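The values are calculated or read from the model by the stated rules, or taken from the named source; none is laboratory data. A quick note: this is a predicted structure, and the numbers were derived from the prediction, not measured. Reconstructed Cβ throughout: ideal geometry from the backbone, glycine too, with neighbour counts over all protein chains shown. To get the accessible areas, we keep the full protein, side chains included, count just its heavy atoms, and leave off ligands, DNA and RNA. Shrake-Rupley method; radii C 1.70, N 1.55, O 1.52, S 1.80 Å.
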Amino acid sequence: MTLTVNNFKPEIFTNINTGQKRTKKVSTITKIASAAGSTIGITAALIQISKKADKNAAGHLRRIINTIKKAEFNDKNVIFISSASTAGGFAGGALTDKDNIKPKAKEGLVQLIGNYIIPSLFVGGGIHLNKKILDNMTNFKKSPKILKLLQFSAGIISLAAGVICGNLLSEKINTSIFGEKSQRPLNWKDWAEQIDNLCLVTSMSTTGSNLAKTVSKAIPVAHFLPGYLTGIKQEENS
């Protein structure tokens, strides 16, 4: 007697649990929509900021250009731009990938709260507090370079603390909102995204200098990532 096995499909074994988390490939249309949403959000935020910064220039584009050229963005600006980017990226991703709206919402909260709002507030608060302390110490007033170095150091320490605390807070908020345990450990992308907050630290610790104006120009561009990463987020399967 011969045993015949028909329709043998080796690919069925590709789904065996290996202990690693996997996601499906993000579609091109979702990537484009997320990128577009993030860009639109940043542009809208810059329009609002530029209206306050340069009321005399005619046209949104001219005001935005003048704002980026002259402005030294502060912590409030960073939070506003990142919020607009995240909202735009989420909208674009959700419209083209409705099966993954929940993971996009979770990622959006992590990006906004964990990577931007809390770190930016920590940076702003840390630098302002450090400045008040140093202003009362006359020895440092005679050494502007040392003063700025200490302010920069305070900003970096505040940034690191803000990223860690922000991540923990965003996890708790996600757990509270979605009613399920939410774990989203910090990864290298989260730290890489802090380039804008690093620019913020530099800008706020060297206020009025050419360096502050130069690094501020990179802040709007750096905010493309939170919106895009939010928009392309998918559910991870074990």
Task: Per-residue SASA entry for E235, accessible area with 1.4 Å probe, Å² rounded to 10 - done: 90
Open item on the list: Applying a 10 Å radius around every beta-carbon, put 74-80, 163-169 in order of their mean neighbour count, most first.
Closed with: 74-80, 163-169
Open item on the list: Once you order the gyration tensor axes a ≥ b ≥ c over the Cα atoms, which shape class does the range 96-238 get: rounded for a/c under 1.5, otherwise prolate or oblate by comparing a/b with b/c?
Closed with: prolate
Open item on the list: Past 23 Å, Cα to Cα: identify those pairs from K132/K217; K104/K213; K189/K233; K76/K217, in the order given.
Closed with: K132/K217; K104/K213
Task: Accessible heavy-atom area order of I195, I113, highest first, probe of 1.4 Å - done: I195, I113
Task: Highest average packing first - 81-93, 34-46, Cβ atoms within 10 Å - done: 81-93, 34-46
- [ ] Net charge near G166: determine it from the other residues with C-beta under 15 Å of the C-beta of G166, scoring Lys and Arg +1 and Asp and Glu -1.
- [x] -2
